[in-house]
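Structure record follows, encoded as structure tokens.
Values in this text are rule-based calculations from the coordinates and carry no lab data. Since we're looking at a predicted model, the values are computed, not measured. Because the Cβ atoms are built from the backbone with ideal geometry, glycine has one as well, and the counts that use them run over all protein chains shown.
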Amino acid sequence: MSLRRRLSAISLWTLVVACALAACSDEDGPTDTTNPPELDIVELFANDGTRLVSHPPGGTLPAPCDGRLVVRVASGDVPSRLDDWELRPPGTCGTSTNCGFVFARVLDADGVELATGSAATVDVPVPTAELDLNETYRLTAELRQGRTGEVFTVRDEASGERVPVRAETTFTLEAATCPSQEPGMGGAGGGGAPPSGGAGGLGGAAG
């Protein structure tokens, strides 16, 4: 083999190895940033039949009259804001990595998922129709990537492992007295959680 062909072969092999190493280094995706996003659950809202009433996380609140609990998230102590994260619906983030929506889940004491909700806003509605009164539930909220729908992760400085950007709290529902909307629906507020009829106006009230 001539010297020129040997040099060409070596150059080609070097290029292949370099490309392979680059592919391996990007395998996990560039999810880390200089200032990774943070997520906290800062307020819970329940509709009392006329308006949304704010309640602190970790306590007891009346069963929402419209059948939806609104979970408000934020970055640290900053209300109604997420730093280093762009809130957008699935499929609208393009090539942006720190972009997507918030996904909330309600779990029972055994970790069984009972209800979920998602939104590209800091206020995430979660249905409560399947939840019982006087039971303590675990509530989690996490960031999901808009491009893939997968949980957004960052590298933990202590362990070096990738961990989800997630917040967690608890809550308990108690009986609520809700105004009657139609004949035969007056007792809805006293049992478990009220029916979801009339929940359509919640989005505007929460915003």
Hull surface over four for the Cα convex hull of the range 37-200, reported in nm², is 10.4 nm²
In nanometres, the difference between 0.36 nm per residue of separation and the alpha-carbon distance of T172 and R51 is 41.6 nm
Going fewest to most other Cβ atoms within 10 Å around each Cβ, V71, V42, V151, V53 line up as V53, V151, V42, V71
Once amide hydrogens are built 1.01 Å from N within the peptide plane, the residues lying 5 or more places from E86 or on another chain with amide H under 5 Å from its amide H are C99, G100
Length gained if L133 through D84 is fully extended, taking 0.36 nm per residue and subtracting the Cα-Cα distance, is 13.9 nm
Here the relative contact order (percent) of the range 37-200, from C-alpha pairs under 8 Å and at least 6 apart, is 27 percent
